[in-house]
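Inspection log for the structure reproduced underneath, given as structure tokens.
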Amino acid sequence: MDPENLEEHRKKYKPLENVLQTINSKYIALSEQAVKKNNNILQQVLTSLTNKMKECDDRFKFMYQNSYFGGSFYDKLKISDPNEYDIDLIFKIPNIMNPSVQCLKNHVLPGYVNVRIENYDNILKRPEAERKGFEDIRRFLDHDNFLSTEKVLTWMESVVSSSMDKFFKLNGKHYMELTGQDDKVLVYMTMVKGSPAFTLELAIGDPNSEKICVDLVPSFQFEKKDWPVGYRPNNSRKFDKFLVVPKKPKKYEGLFDVNRYWRLSFQEQERDMISGIHLRSMKPSLKLLKKLRDKQKHDCIASYFIKTIYLWTLEKKPEKFWSLPLGAVFMLMLKEYADCVQKKYIPYFWNENLNLIGHVNDIHLKGLGNRLKNIIDDIERGLAASDVFVVGNYLLNPEDIELLKKEVTLSKKLVSTVSCTDATDSSVPLIKLGYPKSDVEKTKEDIAFLERSKEERDQVMAQLYQNSDILVRVETKLDDLITKVNQVCEDNKEIKKRLSVLEEKIENSQTKGEGVNNLNSIDALLSIRNIENTGPARDYNLLH
């Protein structure tokens, strides 16, 4: 990036700085006291939960404690949202089992691997004392000794469910009593099944209070020697291990055995890449962009997709880019995000052959791209009119925006401009400054007209967004209908084929005088004829 452009962006978006810094500190980031409190609660809950898991299932106890398997909760609680935590339950497969991470070359699913236990059959031939604990691992493998995502998730669900039942209940809710900073506190717990995560929802003190959500993800850790071939080399000096998580490619269920597919995870390397004091504006802008995603309900865009955009930008932009003011980095990354959505392409950082949003409906992406463009245009127009709070419309609720205006300290130049644009409330300050009364009244009329125009535009845009969502739902239903019609066609072809064979048999039998001996064939024919005129086959005939 041209250094002159950096300076241009710095000047252009500098007015947003105080507003975005305040939003980040007051409405997104947790205070040190809150972080300490949450971490204390989470550590106690997770310790108690793992102890219950060990009591419920010998296999979990073996995998968690035995020297063959070492597992632990990730101890650096990472925050992507103030009340959302991702914690990995990591298991290690011992070298004696010779685990093999197999990459899928020339396959439609880059980013996924198979995991095979090469030496499992030989281990089972050892004396009983030496194979103790390994026999239970069979339940996680398929017939060819591939690690099965479905079997691991089913096992984890049973362990989690059994362990939750060991906690006491109050008013139908599981709870545990924790030692707080000052006194005892009740934490109400609900476990929600997901894939691959199991979400533990914690309500502190009151079951109806705001919840802390903890995603527990079972995963397997592999060493440097197992680094997958064909993927970006490890760029971290601190971390040489990687994980596989049981996230199946659901889009391809039914086409092949998706239970053998594990999603690669290089989270330690990624965390290392986006850390450091030289990347001053990276994390705050990333949190702001996720906040905008949540506020605008971009449900098809996962947090990891946005993080991936940052990883690519980190590679493309000079280091000085991340030292720009927060306002500049946020706006430029918002434009990067919009560009990726409009192109319908966010390549996986570790393997470009995977488009992270390739599964998202094209109409949905087109509508989202248009909305992002409108947001950017609106913020740019607001800046041109010295309305620095316009960005808050896309990050906060209306009541929070009013509080924000009282909390943010503006420069003298902006205060002067804002005072002028507030002329609709009172014309006295402008008159006192020497402006003719007629000009003040004209300014008030112009501002009122602009406000009405903005309201009308917002109403039109809201209707367009609603129509876009309706189109997406209609297209989805049409896809389902086409799939069903295709299935009916296939069923009808099979029925006609069977009819033809049976009719030929009956005709041959009649020619030979064997009709009495082929009652079964006639019954089968009549049965198929009956099927042909009912259910899916009848629907197919009606369509034609």
| field | Under 5 Å, built H, 5+ apart or other chain: amide partners of residue 91 | value | 219, 220, 221
| message | Starting from the 7 Å offset along Cα-to-Cβ, what nm value, one decimal, do you get for the label separation of residue 98 and residue 43? | response | 4.3 nm
| request: Can you tell me which of 308-319, 387-398, 327-338 comes out highest on packing, and rank the rest after it, using the mean Cβ neighbours within 10 Å? | output: 327-338, 387-398, 308-319
| note | With Rh as the Kirkwood radius over Cα pairs, region 31-273 has Rg/Rh of 0.99
| For peptides 197-207, 166-176, sequence by mean Cβ density within 10 Å, most packed first | 197-207, 166-176
| Label point distance in nm, residue 161-residue 227, each placed 7 Å from Cα along Cα→Cβ | 4.1 nm
| said: Checking the table 241/307; 14/373; 248/366; 54/283; 225/335; 92/248 against a 29 Å threshold on Cα-Cα, which pairs fail? | reply: 54/283; 225/335
| field | Difference of contour (0.36 nm per residue) and Cα-Cα distance, residue 373 to residue 36 | value | 117.4 nm
| Put +1 on the Cβ of every Lys and Arg and -1 on every Asp and Glu Cβ in region 31-273; which of 171, 122, 159 then has its Cα farthest towards the positive end of the dipole? | 122
| said: Taking 25 Å as R0, compute the FRET efficiency from the Cβ-Cβ separation of residue 312 and residue 366 and round it to 0.05. | reply: 0.70
| query | By per-residue mean of other Cβ atoms within 10 Å, what is the highest-first order of 368-375, 38-45? | reply | 368-375, 38-45
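Taken together, the values in this text are just the output of simple stated rules run on the coordinates, not laboratory data. Being a predicted model, the structure only gives us computed values, none of them experimental. Glycine also receives a Cβ, built like all others from the backbone with ideal geometry; neighbour counts cover every protein chain displayed.
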